[in-house]
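The values are calculated or read from the model by the stated rules, or taken from the named source; none is laboratory data. This is a predicted model, so every value here is computed, not measured. Cβ atoms come from the backbone with ideal geometry, glycine included; neighbour counts cover every protein chain shown. In case anyone asks, the SASA skips ligands and DNA or RNA and just uses the protein heavy atoms, side chains included. Shrake-Rupley method; radii C 1.70, N 1.55, O 1.52, S 1.80 Å.
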Amino acid sequence: MIRTLNDSEIAQVLDYEQLIPAMERALAAFSAGQVTQPVRTMITVEAERRFLGLMPAVMPESMGAKLVCFYPKNAAAGLPTHLATIVLFASDTGRPLAFLDGSRITEMRTAAVSAAVTRHLAPKDARVLALLGSGVQAHAHLEALRHVCRFDEVRVWSRSAEHAQQFASRHGARAMEAEAAVRGADVIVAATSSQEAVLRGAWLKPGAHVNAVGACLPTWRELDDEAMRGSVLIVDSRAAAERESGDVILSGAQIFAEAGELFAGTRTVAREATTVFKSLGLAVEDIATARLVYDTVTATGRD
């Protein structure tokens, strides 16, 4: 029987305690060459406003693909900018296992990967978190990062002061201007839909760690050249970053390692270093998360 799992069913079984280590394993396998995955195919439906992406991956125990609509234009109407469906197969037989709503999986696996990287790179006494952006990914990152760090203070900035204040009220954070939020912060998350830099390297304190998860097109930026060139740069995929990331391409920053290399221990970074993790999101993350959900549902006998 092919399962169909909707958002509410996925929400009942997917949690960060399982997902963060699952992302470490998946990305370690990816960087070790144990995953077959091309860089995603992006079809422009409407320039800068509507895109359709195809993201397949083959892993030893499972394979599949995510179809994702990336619609930045939806933000103005208060609609989700990412809408996705994932199809999961068994690798050994090719048997279809499940169709899964991809929205929560995309949201949570992105934040879980950032949390895993943060666990390896953030200052050991990290206490201040700055969030640039107040949307879905800001919320997800706040939840995921609290599994790997104990923050005494959370700051938030948004291009909409009203949205920042609403986020702050819901989550016990402080709304402030971007520069004030970043200065002195130990961990920074850039999760915006901006096409121009919103985070400047001059604001970063030595040893800070940045998770940059927006600007997923080669002409878009979230971080300026100083932030990119003045930090140790980690990416999820070298091939994807060199083709898709405007932050990487336009700054000319040199990639030090993939996240999977950190997780496997083949590359290391001193805790004292200022670091940037540029996350674009990989199919292997989606398929590994889908398999985690499928296995959990199957094991618990949920219908």
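When the Kirkwood hydrodynamic radius is evaluated over all pairs of different C-alpha atoms of the chain, what value in angstrom, to one decimal, is obtained? Write down the numbers at each step before the final one.
Numbers: mean 1/r = 0.0520 Å⁻¹.
Here the Kirkwood hydrodynamic radius works out to 19.2 Å.
First check a/c for the stretch 138-195, with a ≥ b ≥ c the square roots of the eigenvalues of its C-alpha gyration tensor; if it is under 1.5, answer rounded, and if not, answer prolate when a/b is larger than b/c or oblate otherwise.
Rounded is the answer for the stretch 138-195, as its axis ratio a/c remains below 1.5.
How many angstrom lie between the Cα centre of the stretch 67-84 and the Cα centre of the stretch 182-229?
Using only Cα atoms, the two centres lie 22 Å from each other.
Where in the chain lies the longest segment free of trypsin sites (Lys or Arg not before Pro) that are both loop residues by DSSP (not H, G, I, E, B) and have at most 11 other Cβ atoms within 10 Å? Walk me through the numbers on the way to the answer.
Details: sites that count: LYS124, ARG150.
Result, exposed sites excluded: 151-303.
Select from the stretch 204-284 those GluC sites (Glu not before Pro) which occupy a DSSP coil region and have at most 15 other Cβ atoms within 10 Å, ordered by residue number.
Details: sites: GLU222, GLU226, GLU242, GLU244, GLU258, GLU261, GLU272; in loops: GLU222, GLU272.
Sites meeting the loop and neighbour criteria: GLU272.
Calculate one ³J(HN,Hα) per residue across the stretch 291-298 by plugging θ = phi - 60° into the Karplus curve 6.51 cos²θ - 1.76 cosθ + 1.60, and present them in order as whole Hz with x for glycine and proline.
3J(HN,Hα) across the stretch 291-298, in whole Hz: 5, 4, 5, 4, 5, 5, 4, 5.
On a straight-distance basis, which aspartates and glutamates could pair with LYS124 in a cross-link, Cα separation under 15 angstrom, same-chain partners fewer than 8 positions away excluded?
Here the aspartates and glutamates satisfying the reach criterion relative to LYS124 are ASP152, ASP186, GLU272.
If I fit a long axis through the Cα atoms of helix 136-145 and take the longest principal axis of the Cα atoms of the chain, what angle between them do I get, 0 to 90°, rounded to 10?
90 degrees
Can you give the FRET efficiency to the nearest 0.05 for ALA299 and ARG159, using r as the Cβ-Cβ distance and R₀ = 41 Å? Before the final figure, lay out each step's value.
Working: r = 43 Å, r/R0 = 1.05.
So the FRET efficiency works out to roughly 0.40.
Residues with beta-carbon under 13 Å from that of ILE234, excluding ILE234: net charge, scoring Lys, Arg +1 and Asp, Glu -1? Walk me through the intermediate numbers first.
On the way: positive: ARG119, ARG238, ARG267, LYS278; negative: ASP236, ASP247, GLU258, GLU261.
So the environment of ILE234 carries a net charge of 0.
Using helices alone, what [θ] at 222 nm do you get for the chain, with -39,500 (n - 2.57) per DSSP H run of 4 or more residues, divided over all residues and rounded to the nearest 500? Don't skip to the end; give the middle numbers.
Numbers: 11 runs with 110 residues, N = 303.
After summing the helix terms and dividing by the residues of the chain, the value is -10500 deg cm²/dmol.
If you count the DSSP beta bridges with both ends in the chain, what percent of them are antiparallel, to the nearest 5?
Working: 28 of 58 bridges.
The antiparallel proportion sits near 50 percent.
Can you give the relative contact order of the chain as a percent, counting alpha carbon pairs under 8 Å and 6+ residues apart? Before the final figure, lay out each step's value.
On the way: 698 pairs, mean separation 61.1, N = 303.
Contact order relative to length: 20 percent.
Does anyone have the angle between helix 161-171 and the longest principal axis of the chain? Alpha-carbon axes, 0 to 90°, nearest 10?
Around 70 degrees separate the two axes.
For the stretch 161-227, what is the Kirkwood estimate of the hydrodynamic radius, computed as the reciprocal of the mean inverse distance between distinct Cα atoms, to one decimal in Å?
12.7 Å
Accessible area per residue for the chain in Å², computed with a 1.4 Å probe and the full protein assembly in place, what is it? Walk me through the numbers on the way to the answer.
On the way: 12910 Å² over 303 residues.
Result: 43 Å² of accessible area for each residue.
Please report, in Å, the Rg and the Dmax of the stretch 1-73, where both are computed over Cα atoms only.
Rg then Dmax for the stretch 1-73, in Å: 15.2, 40.
Note down the net charge around ALA28, summing +1 for each Lys or Arg and -1 for each Asp or Glu among other residues with Cβ under 10 Å from its Cβ. Don't skip to the end; give the middle numbers.
Details: positive: ARG25; negative: GLU24, GLU258, GLU261.
Surrounding charge for ALA28 is -2.
Provide the per-residue ³J(HN,Hα) series for the stretch 120-134, in order, calculated from phi with Karplus coefficients 6.51, -1.76, 1.60 and θ = phi - 60°, each as a whole number of Hz, with x at glycine and proline positions.
So the J values, rounded to whole Hz, are 8, 10, 5, x, 4, 9, 4, 10, 10, 10, 10, 10, 9, x, 9.
Please report Rg over Rh for the stretch 123-269, where both radii come from the alpha carbon positions and Rh follows the Kirkwood definition. The partial results should precede the final answer.
On the way: Rg = 14.7 Å, Rh = 15.5 Å.
Across the stretch 123-269, the Cα-based Rg/Rh ratio is 0.95.
Can you pull out the GluC sites (Glu not before Pro) in the stretch 163-219 whose DSSP state is coil and whose Cβ has at most 15 other Cβ atoms within 10 Å? Write out the running numbers ahead of the final one.
Working: sites: GLU177, GLU179, GLU196; in loops: GLU177, GLU196.
Within the stretch 163-219, the qualifying GluC sites (Glu not before Pro) (loop, at most 15 other Cβ atoms within 10 Å) are GLU177, GLU196.
Can you give the direction-averaged projected area of the convex hull of the alpha-carbon atoms in the stretch 1-128, in nm²? Could the numbers behind the result be given before it?
Values: hull surface 41.4 nm².
Spelled out: convex hull of the Cα atoms, projected over all directions, averaged, 10.3 nm².
Relative to the longest principal Cα axis of the chain, at what angle does helix 16-31 sit, 0 to 90 degrees, rounded to 10?
80 degrees
Over the stretch 81-218, what is the percentage of antiparallel beta bridges among all DSSP beta bridges, to the nearest 5? Write down the numbers at each step before the final one.
Details: 5 of 20 bridges.
Counting DSSP beta bridges with both partners in the stretch 81-218, the antiparallel share is about 25 percent.
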